[in-house]
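Data block below; observations after.
The values are calculated or read from the model by the stated rules, or taken from the named source; none is laboratory data. Every value quoted in this text rests on a predicted model; they were computed, and no experiment measured them. Reconstructed Cβ throughout: ideal geometry from the backbone, glycine too, with neighbour counts over all protein chains shown.
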Amino acid sequence: MEKIKYTLENLDCAGCAAKAEAAINKAPWIEKATVDFMNKRLTVHLSDINPNADEDIQKIVDSVLVGVNVVQYDESADSNNKRHEEHCHSESCDCCDDDECEHRHEHGHSHEHGEEENSPAMIITTILALIAGAVGIAAHFMAFPHHEIVSAVGDICAIIFAGYDVMISGVKSILKKRLDESALMAIAMVAAAILGEFFEGAMVAVLYRIGEWLEDKAVDNSRESIEALAEIRPDTANVKRSTGMAVVRAEEVEIGETILIRPHERVPLDCIVTEGSSDIDSSALTGESLPLSAEPGSELLSGMMNGDGSLTARVTNNYENSAAARIISLVTESAENKGNAEKFVTRFAVVYTPIVVGLAFIIAIIPPLLGFGTFGEFIFRSLTFLVASCPCAIVISVPLAFFSSIGGASKLGVLVKGGNFAEQLAKARAIAFDKTGTVTEGKPKVHEVASGEGFTAEEAAKLAAAAEINSSHPYAQAIREYAGALENITQYKNYTELAGHGVGCEDSQGKQILCGGAKLMKKYGVAIPEGAKAQAYVSYDGRLAGSIFISDSPKEGAAATVAELKALGADEVTMLTGDGFDSAKQVAESVGIESYRAELLPENKVEAIEEMKAKGLITAFVGDGINDAPVLAVADVGIAMGLGSGAAIEAADMVLSSNNLGTLPRAIRHFRRTMGIIKFNIAFSLLFKAAVLIAAAFGYAPMWAAVFADVGVCLICVANASRLIEPKK
């Protein structure tokens, strides 16, 4: 399935984004399409090959939007992954044919007038509008000769200065037979002036101008906070080559090349230090404030900040697969997986908009026909009703909350692939952990090798090390390290990795060597001592060569994490491991996990998670290895530890980049706070609007109150959602 990204140039309307997404998803050759309004990005997954995909998508967009250009997103053209977009400087949203467009422009100005955000013209007109409005208000409440005239002149000047661009855009919308927000505002201001309500018209114009500007700034600030993430990925690297030191584009550096990291430079690519020592600031990647010590042999991730020392290092990952690139990709692409709350907004707007337009029509027509007042009076009420009804507060603030929350989570060292996973983690009540490398340090040590009959301990260790030479399992590394001091480790043939069991190979005579757990020995008929409690065994030609005793310490803070999860309301905290029962029991008891399952194959872990889901529990699984990929994928929220295993990260929905379990309860609190803010914004917006709508229908709400119910409530909700960019410590 091919995935294509586009930039939607001139898209400045949240409602338009929702309509474009719905229209594109109806195409039979599209598996899934997602419009990210915050980044003006369209991501399309093609279910069938379509050589004319670009043109066809543009045609679909043209059928529902006006003036929006679909341009393929060229990430290579901008090493900092900036958005390639041209902003629509229009006070009305010319990209949408909807009668009730929840327009929110990014800059708020017209191409024809040549204004740009915070341009001198706009600043001057806004200041003049405020001065004129202040004069009008002061004269309105003061008793001096001709104060009514002074008040009216001040109010009219305020309307002109603050609302002239809305008027122009509104007239254009009306000529196109569209009743969008700018059209409603223009009609409201003209109607107020015709009815002699100059004060109210001035309040509408000034409040709308200020509210829109503040709202745009709040949204832009959140977007810029996310974009700042791209700064952790350096564009160039200092590479040592035969011709000397060269400054090379990071994309061109190959694995194995030697780079120099000067003091106070960011690490450009994942690497291993070969010379030098320094303190390393990893907070941009992991959220950890304490510096790390780097010395020969230390692994560094791209995006970390070097301290005072100079380091020479060998590159271990190319540009695309380095840690900083992964983090940026995970965060920027998270909008593809929308949460239920975001999906609710789209469905809500589809139903809500025609209902309020119909009610406004009834208010304008029915009461005067029944003799309850004049048409002018009730038309003005219906306009007030429509202005107050705009659902922009929800349409913008809910996606913004997820957008900000995911950016804020990255500051905690938590990378999330979408709002739906943030929602799921906030509600998770069953949390399962892998053992090695997740609950434990993942740095096991061999502390004893007991020889089998006819073998020495040294022979058993050599056989085990030779069999485990290609394995990535932490136990394999521990065995190789233990046997490292032994000489003459034989190279064998026909290496086989038996997932969940162990490894096997053959010597030059075709005799089988096995190394793994008790299940592996039993499967191949190798007898082991009764009641044996070793973590691994090695056999040669069907005979037990040795028993290997390995220990791994629980991670610091693992017990506190388990206690926190229980305090947060987790109904089930369990450990699922392929290791033996004795090892599992020891680790589980030491960290306070009461439920655990041992000697599990990858498919057994999947079954365990499915059993929890069958109980109606939302599940989260935390693991770090390749063998964890299946269970990470089947859990409601799969959480990978660290940035080491590409397979685990690919299968996971969330990554704890700090490799610190203590980040998990912080993430749960952060996403519960996110859902709380989203629910508050929805409830606050709907209740406030309901109150103003009812008041407007009965003639008790002035037009400026309707404007506040629109832009004011939206501003409050946007500001509330923007707080999530800074997570609570």
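For segment 359-366, check the following and say yes or no: at least one residue is free of Cβ contacts under 8 Å to residues at least 24 places away in the same chain and within 39 Å of the chain's Cα centre (by Cα).
no
Among the residues of segment 652-666, is any out of contact with any strand residue (DSSP E or B) (no Cβ under 7 Å at 6 or more places or on another chain), in a helix (DSSP H, G or I) and surrounded by 17 or more Cβ atoms within 10 Å (Cβ to Cβ)?
Yes: segment 652-666 contains one or more residues that are out of contact with any strand residue (DSSP E or B) (no Cβ under 7 Å at 6 or more places or on another chain), in a helix (DSSP H, G or I) and surrounded by 17 or more Cβ atoms within 10 Å (Cβ to Cβ).
Given the condition in contact with a Leu (Cβ under 8 Å, 6 or more places away or on another chain), buried (at least 16 other Cβ atoms within 10 Å of the Cβ), under 14 Å from THR312 (Cβ atoms) and not small (Gly, Ala, Ser), answer yes or no: does some residue in segment 269-276 qualify?
Yes: one or more hits.
Residues to consider are ALA465, ALA426; find the one that is outside the structural domain of THR496 (by TED's automatic domain parsing), hydrophobic (A, V, I, L, M, F, W, C) and modelled with pLDDT of 90 or more.
Going through ALA465, ALA426 in turn, the sole match is ALA426.
Here's the yes/no breakdown for (1) closer than 28 Å to CYS515 by Cα; (2) modelled with pLDDT of 90 or more; (3) of a type in the set (Val, Ile, Thr); (4) in the same structural domain as PRO474 (by TED's automatic domain parsing):
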{"site": "MET575", "(1), (2), (3), (4)": "yes, yes, no, no"}
{"site": "ASP582", "(1), (2), (3), (4)": "yes, no, no, no"}
{"site": "ILE593", "(1), (2), (3), (4)": "no, yes, yes, no"}
{"site": "TYR596", "(1), (2), (3), (4)": "yes, yes, no, no"}
{"site": "GLU607", "(1), (2), (3), (4)": "yes, yes, no, no"}
{"site": "LYS613", "(1), (2), (3), (4)": "no, yes, no, no"}
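Scan ALA450, ALA426, ALA409 and give me the residue that is in a strand (DSSP E or B) and more than 30 Å from ALA705 (Cβ to Cβ).
Result of the check over ALA450, ALA426, ALA409: ALA450.
From (1) modelled with pLDDT of 90 or more; (2) surrounded by fewer than 24 Cβ atoms within 10 Å (Cβ to Cβ); (3) closer than 18 Å to SER539 by Cβ, pick out the condition that doesn't hold for VAL449.
Condition (2) is where VAL449 drops out.
Filter segment 587-601 down to residues that are in a helix (DSSP H, G or I) and surrounded by fewer than 17 Cβ atoms within 10 Å (Cβ to Cβ), then give me how many there are.
Looking only at that region, the number is 2.
Taking the condition of being outside any helix (DSSP H, G or I) and surrounded by 21 or more Cβ atoms within 10 Å (Cβ to Cβ), how many residues in segment 366-397 meet it?
2
Return the total of residues in segment 684-704 being surrounded by fewer than 21 Cβ atoms within 10 Å (Cβ to Cβ) and either in a helix (DSSP H, G or I) or among the polar types (S, T, N, Q) (or both).
Selection size over segment 684-704: 9.
Okay, residues lined up against (1) part of a helix (DSSP H, G or I); (2) acidic (Asp, Glu); (3) over 16 Å from PHE433 (Cβ atoms):
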site	(1), (2), (3)
LYS605	yes, no, no
LEU617	no, no, no
VAL622	no, no, no
ASP628	yes, yes, no
GLU650	yes, yes, yes
MET675	yes, no, yes
LYS679	yes, no, yes
ILE682	yes, no, yes
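Among the residues of segment 188-208, is any within 35 Å of the chain's Cα centre (by Cα) and at pLDDT below 80?
Checking segment 188-208: at least one residue is within 35 Å of the chain's Cα centre (by Cα) and at pLDDT below 80.
Residue by residue, here is whether (1) touching a Lys or Arg at 6+ places or on another chain (Cβ under 7 Å); (2) among the β-branched types (Val, Ile, Thr); (3) in the same structural domain as ASN470 (by TED's automatic domain parsing); (4) not in a strand (DSSP E or B) holds:
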residue: CYS505; (1), (2), (3), (4): yes, no, yes, no
residue: ALA532; (1), (2), (3), (4): no, no, yes, yes
residue: ALA560; (1), (2), (3), (4): no, no, no, yes
residue: LEU565; (1), (2), (3), (4): no, no, no, yes
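Any residue at all in segment 491-509 that's among the basic types (Lys, Arg), under 47 Å from the mean Cα position of the chain (by Cα) and within 15 Å of GLY580 (Cβ to Cβ)?
Within segment 491-509, not a single residue is among the basic types (Lys, Arg), under 47 Å from the mean Cα position of the chain (by Cα) and within 15 Å of GLY580 (Cβ to Cβ).
Test of understanding: among ASN720, ASN681, which residue is surrounded by fewer than 22 Cβ atoms within 10 Å (Cβ to Cβ), more than 17 Å from the chain's Cα centre (by Cα) and polar (S, T, N, Q)?
That would be ASN720, the only listed residue that is surrounded by fewer than 22 Cβ atoms within 10 Å (Cβ to Cβ), more than 17 Å from the chain's Cα centre (by Cα) and polar (S, T, N, Q).
Determine whether segment 70-83 contains at least one residue that is touching a strand residue (DSSP E or B) at 6+ places or on another chain (Cβ under 6 Å), hydroxyl-bearing (Ser, Thr, Tyr), modelled with pLDDT of 85 or more and under 25 Å from SER329 (Cβ atoms).
Scanning segment 70-83 turns up no residue that is touching a strand residue (DSSP E or B) at 6+ places or on another chain (Cβ under 6 Å), hydroxyl-bearing (Ser, Thr, Tyr), modelled with pLDDT of 85 or more and under 25 Å from SER329 (Cβ atoms).
Report, by residue number, each residue of segment 398-421 that is at pLDDT 85 or above and of a type in the set (S, T, N, Q).
SER404, SER405, ASN420 - these are the residues of segment 398-421 that are at pLDDT 85 or above and of a type in the set (S, T, N, Q).
Could you grab me the full set of residues in segment 507-528 that are in a loop (DSSP other than H, G, I, E, B), in contact with a Phe, Trp or Tyr (Cβ under 9 Å, 6 or more places away or on another chain) and among the small types (Gly, Ala, Ser)?
SER508, GLY517
Can VAL449 be described as hydrophobic (A, V, I, L, M, F, W, C), in contact with a helix residue (DSSP H, G or I) (Cβ under 7 Å, 6 or more places away or on another chain) and farther than 23 Å from ARG597 by Cβ?
When the stated conditions are applied, VAL449 passes them.
Return a yes/no flag: does segment 357-365 have any residue that is at pLDDT below 85 and in the same structural domain as ILE396 (by TED's automatic domain parsing).
Taking every residue of segment 357-365 in turn, at least one turns out to be at pLDDT below 85 and in the same structural domain as ILE396 (by TED's automatic domain parsing).
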